[in-house]
Amino acid sequence: MVKIGKKQKSGELYKAILLLKTEEECYDFFQDLCTVSELRAMEQRFEVATLLHGGMIYNDILERTGASSATISRVNRSLSLGVGGYDKVFERMEKK
């Protein structure tokens, strides 16, 4: 079991994601799984994380992405105090 927040969650979703082999499969799966607004929110948060990781400042990120300052702060908090998920992805992306 995976723990998200204070609740135990099934790891089946995450196992299913790991079975996807191409970007197109990922896109199709997430499009079926999420609403358009959920997808856009995740895409925006990832863009904000990428820009913060690259050293861009809040005001420039706000202007470039349209993300709220609350979203930028939340993502920044995850980058600095999270469990390292963003770091793993960025490290692997940089190796490619």
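Dividing the convex hull volume of the Cα atoms of the chain by its residue count, what figure in Å³ per residue is obtained? Please report the intermediate quantities before stating the final value.
On the way: hull volume 12.7 nm³, N = 96.
So the per-residue Cα hull volume is 132 Å³.
Pulled fully out, how much extra length does the chain show between Asp28 and Ile57, if you take 0.36 nm times their separation in residues and subtract their Cα-Cα distance?
Values: separation 29, 0.36 × 29 = 10.44 nm, distance 3.30 nm.
So the extension gain works out to 7.1 nm.
Need the full-extension length gain, Ser37 to Ser73, defined as separation in residues times 0.36 nm minus the C-alpha distance. One decimal, nm. Mind showing how you got there, number by number?
On the way: separation 36, 0.36 × 36 = 12.96 nm, distance 1.98 nm.
Full extension of this stretch gives 11.0 nm more.
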*For the range 5-95, state which trypsin sites (Lys or Arg not before Pro) are in a DSSP loop and have at most 14 other beta carbons lying within 10 Å of their beta carbon.*
Lys6, Lys21
*For Lys95, which aspartates and glutamates qualify as cross-link partners when the Cα separation must be under 16 Å and same-chain residues fewer than eight apart are set aside?*
Asp87
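Since every read-out is calculated from the coordinates, none of them should be taken as a lab result. The structure presented is a predicted model; accordingly, all values stated were derived computationally and were not measured. Here Cβ is always computed from backbone atoms with ideal geometry, including for glycine, and neighbour counts include all displayed protein chains.
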